[in-house]
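Trainee: One structure, as structure tokens, below. Some questions next.
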Amino acid sequence: MSLKNSIEGHLPEEKREVVLSAKNLGVSFNSGFRKDDYKSHVINFFSKDKEKLSNKTVWPLRNISFEGYKGEILGIIGSNGAGKTTLCKLLSGILEADEGNVNADGRVSALFSLGMGFNKELTGRENVYLNGMMIGIEKQKIEESIEDIHEFSGLGEFLDRPMKTYSSGMKARLGFSVAAFLEPEILILDEALNTGDAAFGKKAADKMKELVSKAKMVILVTHSLRYARRNCDRLIWLDKGAIRDVGEPKDILKKYKATIPPRKRKLNQKLELKKTETALKDTTVIDAKNISISYQLKKETHWALKDVSFNIKQGEVIGIIGHNGAGKSTLCKVLTNILEPDRGAIKVNGETSALLGYGTGFNDQLTGRDNIYLNGMLLGIPKARVEGDTSKIIEFSELEKSIDKPVKGYSSGMKARLGFSIAATLQPDIFIIDEALSTGDAAFKQKASEKIQEMMENAKAVIIVSHSMKFVERVCTRAIWMEKGQVRGDGDAEEIVAQYREAVQAKKSDNKK
């Protein structure tokens, strides 16, 4: 979908109406410990040689000036930590600038960090009200729209279940659905277009086009350079808290790409371009029999997994596919002993390590260094090994300057970098990747994909959870299709993907009737 065609943004700049103006914007914070960072003191036992932070002022953004014109899509690009999310928070009033000012001709609405305000103990319906009011929707408007939000999200009975039973994709669905029923004048989208499975993605894209057509202007933050080129009228390139350049997408992207280090040329490096070739062995590395996990919700029992059985041979690359809420992430947690099944048995021949939702174990009050210890041990790395690998993790993440700052000041991309870097230090026998291939900016994504290829080559078996059917077809030797907590299909990757696509298409046709 191209959003460009839905907006009239092609007049000369001198004749265009300014609807958003930022002048000399700057925001600062103190790099020393704050009162609410008390947990950073308590957690000192994690590391041996803590560096004391100097009490100095840091400016993540400064001297930011630009204008946004009526009818345009203004894209913001830049590497992780460049200040993109911070700028969005300033423009939408979530953060107050220490310097400069923002003038907006209209109400600014932001869609970013979908599900950011969700409370996992509350139901989806209760969170609609909570999250809706957090992003500026009046309670009466929510009450009028609740059934539309429910229908659009496609969550069915899950809307009245606690958020702790939701997958990350289901949270994204609900977050998008709440925000989509705003009537924005100036719309900010900060990486808010990744909403999970293909069926919902198409519906979200159509809704986004409708939202864009109603807005005075749109600000779009994205790491997808292809998306930026196709959909933006102009681009702002942020680099280290400052505007590096502003202009036509093709010109800005050419300059930005020139700063990305060239990819190392290695054999078998193009993971995404060719089918995995592997020699299967008779050795069984995972044997699952009738695995079941349930949640008791009021008077009913919800089965996140029910009677799931399969076995994986050494050398297999397994793709796990299915809609949001199908049980994919729950299955990964069982395989890594994060969850214990209520029924059934599972035998694993080897050490399992997983890349599950980068940063899910991070504590925002702690520094990045403290979180290396915390997140590392949550992933099963012994403390002694964490201590030995900390310098490697920091170097790989490229977060040396931010590693001793609280994670609450990190962008989502920086958290992704750090989470990936922790997990990538493992040398697992059985390697599980749960939607872990989106790691932020292009330069780091290249390095991460190379590391994943290396880890795949050394593992006994690889399990990849993905909504990308093309990726599963090309990379996986076999696919397991999950639906409502059960195995719907299991076999050759291309055949199972074809069956899944056919089912998705049939469901779309039924919904149109």
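Here, each number is a calculation from the coordinates, and none is a lab measurement. For clarity, every value in this text was computed on a predicted model and none was experimentally measured. Glycine gets a Cβ as well: all are built from the backbone with ideal geometry, and neighbour counts include every protein chain shown.
Trainee: Search the structure for amide H atoms under 5 Å from the amide H of THR283, placed 1.01 Å from N in the peptide plane, and list their residues when 5 or more places away or on another chain.
Mentor: Residues meeting the criterion, in which the H sits 1.01 Å from N, are GLN314.
Trainee: Can you tell me the FRET efficiency between ASN103 and LYS141 if r is taken as the Cβ-Cβ distance and R0 is 22 Å, rounded to the nearest 0.05?
Mentor: Calculated value: 0.30.
Trainee: Could you list TRP481, TRP303 so that the one with the fewest beta carbons within 10 Å of its beta carbon is first and the one with the most is last?
Mentor: Listing TRP481, TRP303 from fewest to most nearby Cβ atoms yields TRP303, TRP481.
Trainee: Something else now. State the extension gain, in nm to one decimal, for the chain segment bounded by ASP342 and GLU67, taking 0.36 nm per residue of separation less the distance between their alpha-carbons.
Mentor: Stretched fully, the ASP342-GLU67 segment lengthens by 93.3 nm.
Trainee: Still on this structure: For ASP287, what is the net charge nearby, where nearby means another residue's Cβ is under 11 Å from its Cβ and Lys, Arg count +1, Asp, Glu -1?
Mentor: +3
Trainee: Now for a different question. From the residues HIS223, TYR69, VAL178, which one has its Cα farthest along the dipole of region 66-258 in the positive direction, the dipole being from +1 and -1 charges on Cβ of Lys/Arg and Asp/Glu about the Cα centre?
Mentor: It is HIS223.
Trainee: Kindly flag which residue pairs out of LYS70/LYS203; LYS203/LYS281; LYS240/LYS447 have an alpha-carbon separation exceeding 31 Å in this structure.
Mentor: Result: LYS203/LYS281 exceed 31 Å.
Trainee: How far, in nm, would the chain grow between GLN505 and GLU454 when pulled straight, counting 0.36 nm per residue and subtracting the alpha carbon separation?
Mentor: 14.8 nm
Trainee: What is the spin-label model distance, in nm, from ASP206 to ASN290 if the labels are put 7 Å beyond Cα along the C-beta direction?
Mentor: Going from the ASP206 label point to the ASN290 one covers 4.3 nm.
Trainee: Step through the residues of region 17-26 one at a time and calculate ³J(HN,Hα) from phi using the Karplus curve (6.51 cos²θ - 1.76 cosθ + 1.60, θ = phi - 60°), rounding each to whole Hz and writing x for Gly and Pro.
Mentor: So the J values, rounded to whole Hz, are 7, 7, 10, 8, 9, 10, 10, 6, 5, x.
Trainee: Something else: Would you mind checking which residues have amide H under 5 Å from ILE463's amide H? H placed 1.01 Å from N; only 5 or more apart, or other chain.
Mentor: Here the answer is ILE318, PHE431, ILE432, ILE433, since their amide H atoms fall under 5 Å of that of ILE463.
Trainee: Let me ask something else. What pairs from LYS164/LYS250; LYS257/LYS451; LYS250/LYS470; LYS207/LYS333 go past 31 Å between their alpha carbons?
Mentor: Long pairs (Cα-Cα over 31 Å): LYS164/LYS250; LYS207/LYS333.
Trainee: On to the next question. Output the relative contact order of region 66-258, whole-number percent, from Cα pairs under 8 angstrom with separation of 6+ residues.
Mentor: This gives 34 percent for region 66-258.
Trainee: Then there's this: In which sequence would HIS467, HIS323 go, from the one with the fewest C-beta neighbours within 10 Å to the one with the most?
Mentor: Fewest-to-most ranking of HIS467, HIS323: HIS467, HIS323.
Trainee: Oh, and also: Given a Förster radius of 51 Å and the C-beta distance between PHE29 and SER213 as r, what FRET efficiency does 1/(1 + (r/R0)^6) yield to the nearest 0.05?
Mentor: Here the calculated transfer efficiency is 0.85.
Trainee: Provide the per-residue ³J(HN,Hα) series for region 484-489, in order, calculated from phi with Karplus coefficients 6.51, -1.76, 1.60 and θ = phi - 60°, each as a whole number of Hz, with x at glycine and proline positions.
Mentor: With the stated coefficients, region 484-489 comes to 6, x, 10, 7, 8, x Hz.
Trainee: Okay, moving on. Give the long-range amide H neighbours of LEU339: residues separated by 5 or more places, or on another chain, with amide H under 5 Å away, using H modelled in the peptide plane at 1.01 Å from N.
Mentor: VAL334
Trainee: Enumerate the calculated ³J(HN,Hα) couplings along region 208-223 in order (Karplus 6.51 cos²θ - 1.76 cosθ + 1.60, θ = phi - 60°), each rounded to whole Hz, writing x wherever the residue is Gly or Pro.
Mentor: Ordered by residue, 3J(HN,Hα) equals 4, 4, 5, 4, 4, 5, 8, 7, 5, 7, 10, 10, 10, 9, 8, 8 Hz.
Trainee: Further question: Here are some pairs, LYS328/LYS460; LYS139/LYS445; LYS214/LYS484; LYS23/LYS392; LYS328/LYS508; LYS328/LYS408; which of them have Cα atoms lying more than 30 Å apart in this structure?
Mentor: In this structure, LYS139/LYS445; LYS214/LYS484; LYS23/LYS392 lie more than 30 Å apart at Cα.
Trainee: Let me ask another. Rg/Rh for region 66-258 to two decimals, with Rh computed the Kirkwood way over all alpha-carbon pairs.
Mentor: For region 66-258, the value is 0.98.
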